[in-house]
Every structure is written in C-alpha cells, then in structure tokens.
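Here's the structure, in structure tokens; my notes come after.
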Amino acid sequence: MANLEVKKHMSAGQLAIVVFVTCIGAQIMLTPRGLIAEVKNGAWISVLLGGMFFYTATYFMLRLGKQYPDETIVEYAPRIFGRIGGGIVIFWFNLLFYMQVITIFYGVGRIITFYMFDRTPPEVVVLALLVVCTYCALQDWGTILRIQQFLFVIAYSILILVWLTSILNFQPENMLPLWPLDIKGVTLGSFTTWGMYSGYECVLLLLPLVYRKVSLAKLAKTVGVAFVGLSIVFMLIIVLTIGVLTVEDAKNLPFPSLIVIRSVELPGTFLERLENYLLVTWIPVVFDTLAAMMFFMAEVCMRQWRHADHRPILLMLVPIIYIGAMLIDTPQVNEILGKFTMWLGLSFSFGVVPTALLLTWWKKSKVGKDCG
Amino acid sequence: MDLLSYLGHSTISKWCKVCLGCIFTITISMFIGGCWDQKELQERHFVLAVGIDKADEGEDAKQEKDKKSLESFIQPHGDKLYRLSFQILQLTPASSGGEGGRKASVSTYVISSTGESMFEMLRDMLGQVSKGFWFEHIQAIVISEEAVKQEGLQPIIDLFRRDTEMRWLIKPLITSGKAKKLLEFKPPSGEPGGLFLARSLHLYKKNPHMPGWNSGLGETSQAIDNKKTVQISRVELEGDMIKLGGTALFKEGKFVGYIDEYATKGTAFFSASEKSAIITIECPDHPGKILAFELFLHETKLTPHINGEEIYFTLDIRMKGNLGENQCGDHFDAMDEEELHKVEILVAEEVKHNILYAFHSYQHLQTDPGDFAGKLKAHQPLAWERVKEHWNEEQFPNISLIPSVNVIIENIGGHK
C-alpha cells in the first residue's frame, strides 16, 4: 500500500507556515534578555530591523533555490562550490540546525526543571522531550507538516493569549524613550535577533517540494507574510517584556519573557503563578521547532549519503544530539555557543548564500555565451 | 539494509514489535504517572506570612530567652543578624462522631529561627515541624525597622526574589515594632493573619493612606533593579489593634524614613494610582466645619520641563466626583451652583496642598518617589543623562513642581 504520508508537494502558504513555526520556538524565551540588555529600549526596533534583514536573506535563498528546481542545497552546493567546497557548505548548513537543536534542548531543560520540576535532573526532561521529538521526526514530511499546521493554529494562539494577560501590568512609560539614543547599537542589535528568526534556512531544503508553477514573486510575497507575522510576535514579546518589567529589571532576570506574567493577578480567579501555564503552552511550540529541525538534519544526511530513508539516520543522530545538549553544562558555555551559532548563521545567510547565487548567475551567463 | 527494514520484513517482526511496544509503554507509564514525587496537600505546611526581626529584638522575658537557645543553630559563617518567623496554617478537618463531632477549623501558629542566611534559617526551622514548608501561598512579609536598618533591604528579600516557589504578589510590609508579634496577631474576623494583612492592602483603591499600588514583591524587586525608591506600606500593632497607613522609603536598599498618611495620599495623586479618595475641606462660609468630596475619576499628567539648566515639572490633574458629606448644615446649599463651584475650587486647592506636602516630604528626605526621575528619563533622555548621577541628592531637592487641579462635582448625593 502506498505511503500516503510521503509528501511530494506543498503550497507556498504551507511553506510560509513551516517557516513561521520553525522560526518561533525556544528562542522566544531564551533570547530576549540578551537583546534587551544590549539594546535597551530600542530592542523593538532591532527586532523589526532583524525581520527585514533575515527576510532579505530568505529572499536570496528563494532566488538560489529557484535556480535549481527540484533540487535541494545538498544537490546543487557541490556543483557550485566543487566537491570539497560543497561538502563544507552542506556540513555548515547541517551544523546550523545541530547547534540550534542542542542549545534549544539545553535551554528548555533548564527552564522546565527550574520552574516546574526543580528536583528532576534536566537530563531527564531533555531525554523525554527528545523521545517525543524523535517520534515526530521519524514520520514522513506529510505528517510533520500536518502537525505543524495544526500547532500553528492551536498552540500559537493559546501561547499568545496567555502572554497577552501581562497587558494588565503593562506600563507604556517603561517603553520610553521610544526612539533610542544609540542608533548604532540598535542596528548591531538587529543581528543579535538571528537567534529569534533562525530556522528560515529550511527553505533551501523544502523549496523543491513547493509546486513548480509557484512563481518567485508569489513565494517571496507569501514568505514575506510569514516574516511580518514573526516580526509582530517577536515585537509583541519584547514590548510586553519591557513595558511590564522595565529594561533594568529584564536585564537581571534569566528569562524575562517568562517572568513577565508572574505579577499578573487575574481578578476573580484562583489562578496564580501564571508562568507555569505559559510554560505549558510553550512546550508544543518548542516541540514542533525541534521535530522539524531534527527532520531537516536527517534529511540532509540522507540526501548527502544517498539513502532512501531518513529514519535510520535520525536514530543515529539522536545520541549525538543528546550528548551535545548534555555537554552544555553552564550558562556561560551556552552563551558562547549561542554567539558561535549566531555568527555561523549570519555568515551562512549573508556570505555563503549570496556567493552561491552570484556564482550560479556567473556560471549560467558563461554557459549562455559559450552556446552563442 | 537497516534495522527498521529488517524488522519490517522479518517473520518475527510482529511479535517483536508487540513486545517492544508493551515494554516501552509500561516503562514510560512508570515514569510519567507522577507517583514517584507525589506530595499530598496534608503533607505540607502552608506558610502564610513571614516575619523578619533583628535577632536579639525583644528578648526580655526569661521564657523568651530559653526559647532563643532553641531558635538557633551553630553557624559556620555569618552572625546572628535576623530572626526569621513563619506563620503556618493549621487546618483541622471536621470529624464526625455523634456529639463528640468537631467542626473544621483554621488557625495559625508561629515558629522562628535566628541566623543570617534566610535559607539556612528556613531549613533549620524544619527541626521544629513534622512536614516540609510550602511557600506558594505566602501572603505577606513583615519586616521590622530594626532588622532592615542593619544591612538594608536587599539581603532580606533576596531569597524571596530568587526562589521560584515565591510569588511576586507577596506583600512586603514594614513595622517599627516586632514583626513576629504581627504574625502572632489573631484578627477578630478569624482569618489567618497573613491573609488579613494582604487583603487589607488590597483596599488601597479606596484608602490612599497606604501605598498599595506598588506593594508587591515584584514591584519592590523592580524598583531595586531600577535604583528607584522602594515604597513599602507601614503596619503597626498596638495591643490587639492593627493599622496599615503611611509608607516606609528605601533608597538604594537603605531605609530612609517614613512618610505619613497625608503624604502617602499626596503620592497617589502624582500618578493617579488611587481609585477613590476622600478629600475634605472647610465649609466655604462656615470655617471649622467640614465638607467631604468623594473622588470617582482622576486623570493626571506629570510633565518635565527644561529651561536652560533648570528642571521643573508641571502636574495637571482633572478630578471628577461627588459631594460625599456635608457638615456645614444650612450654611451650605448644595443646589446652588455658585456654592458648588466654590467647593470645587477649595477641593482643588486642597489637592494642590496635599501634593506639595508630599513633594516637599520627599525633597526633605532627598528621595524621589520615582515618578519624577521616570518622567525625565522617558521624556527628556538627554537631560536625564546629564543629571542622573546625583539626581536624588543634588537635583531632586531643588526642582520645582507646579500643580494645576481642575475639580468637577458631578453629583451632590441623595440629599440637598
């Protein structure tokens, strides 16, 4: 019987949902502290600028992908950069997902044990989450896509709804001065938001699945809508965090975007300690990001090693992911790895991809001349 | 080719899968059942209020001195600076048994320990109880003035800011007396003392004599991080009477002093943080008698202005309310518009007086309540950068505040 879950095609809208869901994950809890400490009141501008920068990067990726219909970066990278160069690019691409996955596992394990199960070792929490994510990533793309679409509607609306309760403690004055004095800092801070937007690289892998008849313009427009959505969500989180806690307080809290609803008192209800409810609604959001990224890692390896099935490779990757997450044993190591991953991602998006595009154009123009 | 395809094609695969599935399900069920770390409600001591005193405060009676030796432990580091007390909820379930049946009851008792680290004292107190403490329901932290004068506020509240079990809605309070005595106080309503204190603070909306608008642990923590003045409600116990009113001020974590109820009410007018207030004036044509205005709606706008090197603030206030009480008798006709307008002007004057009284109280203590520095930072960031280093000591005591108040009496009540 045919496997109905093997997804051969997807629409531009579905790609936009995947980009949205893959980008929003653990980093909405983990990143805001560093960004606010660095950019202060101008953090909301950095988020918007970051949205524009990373959309530009995604647009380059879409253009590059459109040059090679029916192929992923794993197939065309060696043709652009040569066998060794291509191998490095593919390794780089996969390392990006790996670094993100292990830092997310570490962060999630830390938050959940700290706020919910303080006597449970983080290793247990990470292992449980890893098992669930692996089970999801073992499915074919059709199932994963369906889960992402489902969570896009359910999990995100609940998460944002819970988050919005912090409006009860919002002080608009805390946002002022709205326009920061340090414009340079705000601009540089926008690159720090890579941690929030990261995940958009998946288009290099998923583009061949999008119907060929979908034009680049339509793709750019639809993915642009996803980025508008991402920018709004991230800006909302930053604005709420600063508006409720102030910049100085947010700087001193390890997870300010979680603590933001700690002071909320819902009149007439017995609900207290709302941060636990926020954590519970956040877990599915982390799950879908991790499951997708793990699938992408296995898919890259499968294509690279010319296997027919991504599942054995994924099972091989599981211990590597777990060990990687466990090796991050202090927040300092996590911070260093976070910075390393950010530079890895920025140089891939703004160095490797544009170079690949330029080389492709150059090669194609050369081919045209030779023919003529 | 690989393990999965091998399992998929093997003849024993079906049984293998079933067995593996069963083992997996049973193993997972053992861990996710939640039974391994269960804690029943009756297995916990609910701490409702915390009291922090100076360690050797009030040890007069011999009995107290004997107790002190038990409320202590050998400390490898630090001194005996604080006495930490917990008010613990005691729930007695109802029991049936004919005439000997007992009704369910709620009471509290207090235990203490002395030391320097709050955490260490907390753990030492486990030697006085049979169950673990549960802190998620703490309602109030009462700190004595003597205790806070020792090392400031930060070492006292650090544990409560840091521990994830503590809620941000816990109400800190300051008393000039002994915090432990307040924990031992039995409210006449029969409520547990911690709940009584927290609920009393919730009445700040109608009682501007206490600074309930920023009274939670979260706001206190935020003020400390922002190097703003911490304002904590004052509570006093005299005999069997308890009273909340006035504010204790802390600058950079150090106790600065108290402001009285009148200044606390004036502070509420800076940012319209009260929901209702009673403003009294003397009768326009009959001095010595009183009229009371009941505030219903309050809008305020505090604006910083820069004139060269000079900084000053304007405070524009619009108030609407009712005539709440008239003790002027026939000397005042509430139906007369002109008379009513006179009252509006007098109420506005009184509000201005109250505001300036509060403002000068803060200036005298060289302590910005937070509104002024906050406004300057938000609206004039360049000027703030210039003065922020010595704001409290040099700038704030010399700035001017120009209040302007517009009062409208909308209703005169149910009688002429």
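The values are calculated or read from the model by the stated rules, or taken from the named source; none is laboratory data. These numbers come from a predicted model, not from an experiment. Please note: Cβ atoms are built from the backbone with ideal geometry, for glycine as well, and neighbour counts cover all protein chains shown. SASA here: full protein model, heavy atoms, side chains in, ligands and nucleic acids out. Shrake-Rupley method; radii C 1.70, N 1.55, O 1.52, S 1.80 Å.
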Residue pairs qualifying under the 6 Å Cβ cut-off, at least six apart or on distinct chains, with the first in segment B:116-137 being open to solvent by 30 Å² or more (accessible area, probe 1.4 Å) and the second being of a type in the set (D, E, K, R) and in a loop (DSSP other than H, G, I, E, B), are B:GLU116/B:ASP79; B:GLU136/B:GLU165
* Asked: Quick check: anything in segment B:371-384 acidic (Asp, Glu), farther than 18 Å from B:HIS305 by Cα and either in a helix (DSSP H, G or I) or in contact (Cβ under 8 Å) with a residue 24 or more places away in the chain (or both)?
  -> no
Exactly one of B:LEU244, B:LEU201, B:LEU197, B:LEU173 is open to solvent by less than 20 Å² (accessible area, probe 1.4 Å), touching a residue at least 24 places away in the same chain (Cβ under 8 Å) and within 14 Å of chain A (Cβ to nearest Cβ), and that one is B:LEU201
Being open to solvent by 60 Å² or more (accessible area, probe 1.4 Å) and under 30 Å from A:ARG212 (Cα atoms) narrows A:PHE81, A:PHE93 down to just A:PHE81
Those residues of segment A:202-235 that are surrounded by fewer than 22 Cβ atoms within 10 Å (Cβ to Cβ) and over 17 Å from the mean Cα position of the chain (by Cα) come to a total of 13
Filtering helices (runs of 4 or more DSSP H) wholly in segment A:178-241 for at least 1 residues that are β-branched (Val, Ile, Thr) gives A:183-192, A:203-206
Quick count over segment A:251-262, residues being open to solvent by less than 10 Å² (accessible area, probe 1.4 Å) and facing another protein chain (nearest Cβ under 9 Å), is 1
Note on segment B:119-160: residues within 22 Å of A:ILE259 (Cα to Cα), at pLDDT below 90 and among the charged types (D, E, K, R) are B:GLU136
For segment B:207-226, pairs from a residue that is at the interface with chain A (Cβ under 7 Å from one of its Cβ atoms) to a residue that is open to solvent by 10 Å² or more (accessible area, probe 1.4 Å) and β-branched (Val, Ile, Thr), with Cβ under 7 Å and 6 or more apart or across chains, are B:GLN222/A:THR246; B:ASN226/A:THR246
Here the residues within segment B:345-379 that are of a type in the set (Asp, Glu) and closer than 27 Å to B:GLU282 by Cβ are B:GLU349, B:GLU350
Checking A:ALA325, A:ALA292, A:ALA308, A:ALA298 in turn, the sole residue that is within 14 Å of chain B (Cβ to nearest Cβ), buried (at least 19 other Cβ atoms within 10 Å of the Cβ) and either without any contact (Cβ under 8 Å) to a residue 24 or more places away in the chain or within 17 Å of A:VAL131 (Cβ to Cβ) (or both) turns out to be A:ALA298
Of the candidates A:PHE105, A:PHE117, the one satisfying the condition of being within 19 Å of A:MET326 (Cβ to Cβ), of a type in the set (Phe, Trp, Tyr) and open to solvent by less than 40 Å² (accessible area, probe 1.4 Å) is A:PHE105
When restricted to B:LYS352, B:LYS342, B:LYS320, the only residue in a strand (DSSP E or B), open to solvent by 10 Å² or more (accessible area, probe 1.4 Å) and touching a residue at least 40 places away in the same chain (Cβ under 8 Å) is B:LYS320
Checked against (1) open to solvent by 50 Å² or more (accessible area, probe 1.4 Å); (2) free of Cβ contacts under 8 Å to residues at least 40 places away in the same chain, B:GLU184 satisfies every condition except (2)
For segment B:323-336, the count of residues that are within 32 Å of the chain's Cα centre (by Cα) and crowded, with 16+ Cβ neighbours inside 10 Å equals 2
Restricted to segment A:138-153 and to residues being free of Cβ contacts under 8 Å to residues at least 12 places away in the same chain and not charged (D, E, K, R), the residue surrounded by the most Cβ atoms within 10 Å (Cβ to Cβ) is A:PHE150
